[in-house]
Amino acid sequence: MDTLENYRQIIQRVLEEYAAIPYAYGDIRSEVIADVKGDHYLLLTQGWEKNKRVHGCLIHIDIADGKVWIQRDGTEQGVANELVAAGIPKNRIVLGFQPADIRPYTEFAV
């Protein structure tokens, strides 16, 4: 299987697993948005908590130049660790939410 296609499948599977976790309060649901052609993947949360609207991006991942770019990670465990456990090597994952001068000091790609 093509490496990028494998990455796409892993990303979508991991995001679907996160989306399946129910919220303990409010009428909030998670939704996976996958633009496979453009290689953009999002996990959105939306709904209502009491009288307050909840809408936001929990996870945003792109594939660019053969690497997996994590643009936003609002998880407690870190979605990068989930992607590594699922088979994407650390040297193919860029923590895009970290400043460029910090990335060399992470365990992940620059």
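Throughout, read-outs are computed from the coordinates displayed, never taken from laboratory work. Because the structure is predicted, anything quoted here is derived from the model rather than measured. Backbone-built Cβ (ideal geometry, glycine too); neighbour counts: all protein chains shown.
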Quiz prompt | Pair list, Cβ < 6 Å and 6+ apart or interchain, from the range 51-66 residues that are closer than 14 Å to GLY96 by Cβ to residues that are of a type in the set (Lys, Arg) and surrounded by 10 or more Cβ atoms within 10 Å (Cβ to Cβ) | solution = CYS57/ARG72; HIS60/ARG72
Practice problem: Check LYS50 against each of (1) at positive phi; (2) surrounded by 12 or more Cβ atoms within 10 Å (Cβ to Cβ); (3) out of contact with any strand residue (DSSP E or B) (no Cβ under 7 Å at 6 or more places or on another chain); (4) not small (Gly, Ala, Ser) and name the one condition it does not meet. | Solution: (2)
Exercise. Considering only the range 1-41, state which residues are closer than 16 Å to ASP62 by Cβ, out of contact with any His (no Cβ under 9 Å at 6 or more places or on another chain) and of a type in the set (A, V, I, L, M).
Key: LEU4, ILE10, ILE11, VAL14, LEU15, VAL32, VAL36
Quiz item: Could you count how many residues in the range 79-106 are in a helix (DSSP H, G or I), touching a helix residue (DSSP H, G or I) at 6+ places or on another chain (Cβ under 8 Å) and not aliphatic (A, V, I, L, M)?
Solution: 3
Quiz item: If we keep just the residues of the range 17-46 that are among the hydrophobic types (A, V, I, L, M, F, W, C) and farther than 22 Å from LYS67 by Cβ, which is surrounded by the fewest Cβ atoms within 10 Å (Cβ to Cβ)?
Solution: ALA24
Quiz item: So is HIS60 exposed (fewer than 13 other Cβ atoms within 10 Å of the Cβ) and part of a strand (DSSP E or B) or not?
Solution: no
Quiz item: So which residues in the range 67-100 are among the hydrophobic types (A, V, I, L, M, F, W, C), surrounded by fewer than 18 Cβ atoms within 10 Å (Cβ to Cβ) and touching a residue at least 40 places away in the same chain (Cβ under 8 Å), if there are any at all?
Solution: ALA86
Quiz prompt | Failed criterion for LEU44 (all others in (1) in a loop (DSSP other than H, G, I, E, B); (2) hydrophobic (A, V, I, L, M, F, W, C); (3) out of contact with any Lys or Arg (no Cβ under 7 Å at 6 or more places or on another chain) hold) | solution = (1)
